[in-house]
Structures are given as structure tokens and as C-alpha cells.
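Since the structure comes first, as C-alpha cells, the remarks are kept for the end.
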Amino acid sequence: MRGRNTRELAAAGLCAASMFAGQVALASLPNVEIVSLLVICFTLAFGRKVLFVIYTFVLLEGIFYGFGIWWVSYLYVWTILALAVMPFRRMDSAVFFALISGFFGLFFGAFCSLPYLIAGGAETAFAYWISGLPFDLVHCAGNFFLCLVLFKPVSRVVRRLVRQIGE
């Protein structure tokens, strides 16, 4: 049993590193990211254990980019996506998960405005959300199309990884 836990921990670290590497690789494209797709695929494969992956990724983000107010939203925003996906773990529809990913991108700014609600009040949070709507629209489209195209191959690789961990 000890070997399996070690393999699971190593797999979680590799998954978080792949999320971080994907995020850094696409950083020059505003609101086009692969993290949402990876959170979906990792959630489908790992279930609740995806939280280890998510919070390792969030820690890497803070270390690399700094622990600003934006970082606070990362503590819950990726968990929201994982929780939205968990009830559908038996599904394998690229279109379905592309829609979830797209809606997540569309509402990303709204989710991320919560720390600004606490720090500056309702007006600040609303201004933050509204000013980011053009980026949220790009985020929505990018998430939808990336997930539509890459969901099947990425989820196949992730499932294979999970099977190897269990051996």
C-alpha cells in the first residue's frame, strides 16, 4: 500500500507541474489557458484527490507570480470547476465538458471578483467583473474550443496514467 501512496503523490505532483507548465506556456495569450481542461480531466480521473493537484498548482502560481489578491481567488476558483465536474465522472462527452469549460471561462471573472468584494465592497467587485467581461468572453471561447478538441486525447492519457498508478 505504501508504494501506491507514493505513486499517487508523485502523479499529483506531475499533474500540478503539467498544469503550471501549460499555464506558463500559454501566458502570452490573454485568457487562453489549458488549466481548465486539465482540471476537468484530472477530476474525472482522480475524483476528490484532484484537490492535491489543484492546491499544489495554486501554490506554484503564488511562488512564481506572487501572492497578490488575485491569488486568493485561485484558492477556490479551480475547486469550483472540480466540484462542477465531479457529479459527471462517468460521462465521456467532449461536447458536454467543453460546455462546462466554456461556462467556467465566462464566469471566471465573476468568481474571481469575490476577494474584491471583501477588500473594496460591492462597487469594486462589480467594476472588476464588468471591466473583465471582454476577457471572459475570450476565456469562454478558448476554453470551449480547447476542451472540444483536446478532451478525448488528454483524458485518454490521464486515464492511462491512473491505471499505471494502480498497478
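The values are calculated or read from the model by the stated rules, or taken from the named source; none is laboratory data. Fair warning: this is a prediction, and the values are worked out from it, not measured in the lab. Every residue, glycine among them, receives a Cβ derived from its backbone with ideal geometry; neighbour counts consider all protein chains shown. Calculation scope for accessible area: heavy atoms of the full protein, side chains included, ligands and nucleic acids excluded. Shrake-Rupley method; radii C 1.70, N 1.55, O 1.52, S 1.80 Å.
Our note on the geometry: Cα centres of the range 104-125 and the range 1-75, 22 Å apart.
Between ARG159 and ILE118, the FRET efficiency estimated from the beta carbon spacing at R0 = 41 angstrom works out to 0.55.
Spin-label pair LEU150-ILE69: with each label point 7 Å from Cα along the Cα-Cβ axis, the two points sit 3.0 nm from one another. Of the accessible area of the range 1-139, computed with a 1.4 Å probe over protein heavy atoms only, carbon and sulfur atoms account for 74 percent.
Kirkwood's formula applied to the C-alpha pairs of the range 62-158 gives a hydrodynamic radius of 14.5 angstrom. Averaging 1/r over each pair of different alpha-carbon atoms in the chain and inverting the result gives 16.4 Å, the Kirkwood hydrodynamic radius.
Using r as the Cβ-Cβ distance of LEU59 and ALA84, and R0 as 22 Å, what FRET efficiency do you calculate, to the nearest 0.05? Please list the in-between numbers first.
On the way: r = 22 Å, r/R0 = 1.01.
Once the sixth-power term is evaluated, E becomes 0.50.
Computed over protein heavy atoms with a 1.4 Å probe, the accessible surface of the chain works out to 54 Å² per residue. Between 0 and 90 degrees, the angle of helix 2-25 with respect to the longest Cα principal axis of the chain falls at about 40 degrees.
Translational diffusion coefficient, Stokes-Einstein: compute it for the range 110-167 using the Kirkwood radius over C-alpha pairs as Rh, at 25 °C and 0.890 mPa s, and state it as an integer in µm² s⁻¹. Taking Rh from Cα pairs, D becomes 174 µm²/s.
Could you compute Rg(Cα) / (2.2 N^0.38 Å) for the range 1-85, with N its residue count?
1.08
Each peptide among 37-48, 151-162, 132-143, 105-116 gets the average number of other Cβ atoms lying within 10 Å of its residues, and from highest to lowest they stand as 37-48, 105-116, 132-143, 151-162.
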